[in-house]
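Report on one structure; see the data block that follows.
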Amino acid sequence: MARVELEAVGKRYPNGFEAVHAFDIDIADGEFIVLVGPSGCGKSTTLRMVAGLETISSGALRIDGRRVNDLPPKARDVAMVFQSYALYPHMTVFENMAFGLRLQKLPVAEIEARVRSVAERLGIEGLLDRKPKEMSGGQRQRVAMGRAIVRRPRVFLFDEPLSNLDAKLRLQMRVEISRLHESLGATSLYVTHDQVEAMTLADRIVLMKDGFVQQIGAPLELYARPVNTFVATFVGSPSMNLLPGMVQGDRVVGAGFSLPLPAGVAATAGQAVLAGVRPEHLRRAEGAGALTGAVDVVEPMGNESFVHCVAGEHRVVARWPGFVAPARGEAVALEADPAHVHLFDAATQARL
Amino acid sequence: MSGPRDAEPKPPVRWGTHLFLASFAVVTLFPVLWVVKMAFRPEQTFATGLNPLPTVFSLDNFRDLFAAPHFWQQMLNSVIVAAVTTAAGVFLACTAAYAFSRFRFPGRRAGLMAFLVTQMFPGTMMMIPLYHVLDQLGLLDHLAGLVLVYSTTAIPFCVFQLKGYFDTIPRDLEESALMDGASQFTIFWRIILPLSRPAIAVTALFSFMTAWNEYILAATFMSDEASYTLPVQLQQYVGDYTTEWGHFAAGALLVSAPVMALFFLLQRHLVGGLTAGGVKG
């Protein structure tokens, strides 16, 4: 396995469009990194640069200390799982998995043994004689992963591997990828637009937007201390509530609300800010609370409900634990713990 | 599949439709049946009468053809010309189409455009220049000359057809193979070509038919009877004063037989060519 370093790696297309700006990360051996962001944020381009499918315009890419910028994919010893699976339609599962090994001119017996052992591990040993079109999406997904694993590459790359699966299967495969990573311990780069996949799979998440890295950190770090409003609203579901207001003493005051200021925040009185509170950190207040809203929509989840309220000109979502939720139209008072109030500069959107 | 069924059309409409289609079928089939009838009739006169079905079965005309001085040589000429044209044309068209489909290089657009433009002119317009070229090359009366002319005229169309098909093959497959360590040639040979079998079959059939059926250029470039192809020989049965219709018809059947055989052989691929393409689905 391998250590992967990206040093100011950038991608600029001939038409001048800069898809990725100076990307820096040092990926430790065996680490699972998830690149996440909205479409067009440069995450796939970054992955493809690591793969060697896309040229690197600037900066350096090193695998195990060796600069590989100009090496073709096959010399980098990385394997990739594609969103479309990209299985060779005219080959059986066995041939699909053996394709790379045959190109390496490995002995037939070893190819056979390797393919069988990986197929067993993935539970597809019964499908080895099938063609891709004779399999379900989930099975193809497994074969695509098997084809990567069987090569024993130094780095695994995943390009939205679960996006074509239905919700239930996606959940199942997510757990399986997690388990596989546990047992293989391979350095992995995983691209997704799904923040849940990112949160559950990653050792560290790289959140990107418009070609810029917004934040790199452990999932809970992004969750607990988002560096800007983009990260704050991208991570977590439903999104963090953001309320525009002004710092007044030890509170943030805006139209129809007054939230306590979190401790140790570098904000000056009168500063225009955005106060952020996650739905799970808003709770029903005993007294007047921080804001009062009328219940607009209630989304019951079973174990909890998401209550959408209209408070003056703002809309906020609060998480209601348990089975009981207020009725539509009911007025509710909400309050938040100062420790869970995030503060962002209204102009720069950066965390204060 | 249980969509709302179309109601059966009313009988008059149905009969009308059938009558219309049947009349077209007759118009299409009548001449063909006439040729069959003439081929099996031991005479050289033009078939007359409304009945297009053979009334006598005689193989005299075929026997005469087989016994003609250069028939087998001419048959071989046709086979060689068509086969080599197909092989060379398809091979070159595949590689060219792949390059046009996948690579970006200076002159790509211009090249494609040039191919398109050559398709706009009828082949006969090129007859005199081609004659001159073959003369300079010393290839008049040589099968190689015909192969050269046929392949060069067939390639542009083949390239267009194959490029269109290659364009539909997802790039992911190639990138996946690239990650697996395949070279560009391996990708072409082991991924693209096997996946393009239907398109290649259609293209090959087209090349073969062009070369096999072509008459005017062959008649112009070949003057020695031993180097004739079958269509040129066929024309010999149509004389200024008399026409040996029986021989002509029998020859026509013999010439169309291989093409029909190829059609049946490639049928599966031809149909596949229409439905293939869904790789992910």
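Only the coordinates and a few stated rules stand behind these numbers; no lab work does. None of the values given here were measured: they were computed from a predicted structure. No Cβ is skipped: glycine too gets one built from the backbone with ideal geometry, and neighbour counts run over all protein chains shown.
Sorting check: for A:281-287, B:92-98, A:76-82, A:113-119, which peptide has the highest mean count of neighbouring beta carbons within 10 Å, and how do the rest follow?
Values: A:281-287: 14.9, B:92-98: 20.4, A:76-82: 23.3, A:113-119: 17.7.
The peptides rank, most packed first, as A:76-82, B:92-98, A:113-119, A:281-287.
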| query | Classify region A:70-151: rounded, prolate or oblate, from the alpha-carbon gyration tensor (a ≥ b ≥ c, eigenvalue square roots; a/c under 1.5 rounded; otherwise prolate if a/b is larger than b/c)? | reply | oblate
| message | Under 13 Å from a point placed 7 Å out from the Cα of A:Arg284 along the Cα-to-Cβ direction: which residues of region A:307-321 have their backbone N that close? | response | A:307, A:319-321
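Of the cross-linked pairs A:Lys43/A:Lys168; A:Lys133/A:Lys209; A:Lys105/B:Lys163; A:Lys11/A:Lys131, which ones have a Cα-Cα span greater than 29 Å in the structure shown?
Numbers: A:Lys43/A:Lys168 25 Å; A:Lys133/A:Lys209 36 Å; A:Lys105/B:Lys163 32 Å; A:Lys11/A:Lys131 37 Å.
In this structure, A:Lys133/A:Lys209; A:Lys105/B:Lys163; A:Lys11/A:Lys131 exceed 29 Å between Cα atoms.
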| Where in region A:1-25 is the amide nitrogen less than 16 Å from a point lying 7 Å along the Cα-to-Cβ axis of B:Arg104? | A:11-20
| How well do other chains shield peptide A:89-96, expressed as the mean number of their Cβ atoms within 10 Å of each residue Cβ? | 3
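Assigning unit charges at the beta carbon (Lys, Arg +1; Asp, Glu -1) and nothing else, what dipole magnitude in debye, to the nearest 20, does region B:69-275 show about its Cα centre? Could you put the intermediate results ahead of the total?
Numbers: 9 positive and 12 negative charges, 176 e Å.
Taking the Cα centre of region B:69-275 as origin, the dipole is about 840 debye.
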| So how far apart, in nm, are the two label points at A:Val324 and B:Asn213 if each is 7 Å from Cα heading toward Cβ? | 8.5 nm
| said: Starting from the 7 Å offset along Cα-to-Cβ, what nm value, one decimal, do you get for the label separation of A:Glu95 and A:Arg116? | reply: 2.1 nm
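Averaged across B:169-175, how many Cβ atoms of other chains sit within 10 Å of each residue's Cβ atom?
Details: counts 1, 4, 3, 8, 8, 2, 10.
Whole-number average of other-chain Cβ neighbours for B:169-175 is 5.
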| request: Before anything else, pin down the relative contact order of chain B: Cα pairs under 8 Å, at least 6 apart, normalised by residue count, whole percent. | output: 30 percent
| With charges set only on the Cβ (+1 for Lys and Arg, -1 for Asp and Glu), what does the dipole of the protein assembly as shown come to about its Cα centre, in debye to the nearest 20? | 500 debye
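What FRET efficiency, computed as 1/(1 + (r/R0)^6) with R0 = 60 Å and r the Cβ-Cβ distance, is obtained for B:Leu112 and A:Glu299, rounded to the nearest 0.05?
Details: r = 55 Å, r/R0 = 0.91.
Efficiency for this residue pair is about 0.65.
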| Where labels lie 7 Å past Cα in the beta-carbon direction, separation of B:Ala261 and A:Glu313 in nm | 8.5 nm
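From Cα pairs below 8 angstrom and at least 6 apart in sequence, can you work out the relative contact order of region A:4-233, rounded to a whole percent? Walk me through the numbers on the way to the answer.
Values: 420 pairs, mean separation 66.7, N = 230.
That works out to 29 percent.
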| remark: Residue span B:Thr17 to B:Asp167: 0.36 nm per residue of separation minus Cα-Cα distance leaves a gain in nm of 50.1 nm
| task | Using only the Cα atoms of chain B, build the gyration tensor, take square roots of its eigenvalues as a ≥ b ≥ c, and label the shape rounded, prolate or oblate: rounded if a/c is under 1.5, else prolate if a/b is larger than b/c, else oblate. | result | oblate
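Can you give the average number of partner chain beta-carbon atoms within 10 Å of each beta-carbon in peptide A:76-86, as a whole number?
Numbers: counts 1, 1, 1, 4, 6, 2, 6, 2, 7, 5, 12.
Other-chain Cβ atoms within 10 Å of each residue's Cβ, averaged: 4.
Report the gain in length on full extension from B:Ser223 to B:Thr95: 0.36 nm times residue separation, minus Cα-Cα distance, nm rounded to one decimal. List each step's numbers first, then the result.
Numbers: separation 128, 0.36 × 128 = 46.08 nm, distance 3.45 nm.
Result for the pair: 42.6 nm of gain on full extension.
Between A:Ala109 and B:Arg268, take the C-beta separation as r, use R0 = 56 Å, and let me know the FRET efficiency to the nearest 0.05.
Numbers: r = 36 Å, r/R0 = 0.65.
The pair A:Ala109/B:Arg268 has a calculated efficiency of 0.95.
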| query | Based on the Cβ-Cβ distance of A:Leu171 and B:Phe66, what FRET efficiency does E = 1/(1 + (r/R0)^6) give at R0 = 51 Å, to the nearest 0.05? | reply | 0.10
| said: Explain nothing, just the number: dipole magnitude of region A:239-345 about its Cα centre with +1 on each Lys and Arg Cβ and -1 on each Asp and Glu Cβ, in debye rounded to the nearest 20. | reply: 40 debye
| task | Label chain A by shape, choosing from rounded, prolate and oblate, from the square roots a ≥ b ≥ c of the eigenvalues of the Cα gyration tensor; if a/c is under 1.5 it is rounded, and otherwise prolate applies when a/b is larger than b/c, oblate when it is not. | result | prolate
| query | Taking one equal scatterer on every alpha-carbon of the protein assembly as shown, how large is log10 of I(q)/I(0) by Debye at q = 0.08 1/Å? | reply | -0.82
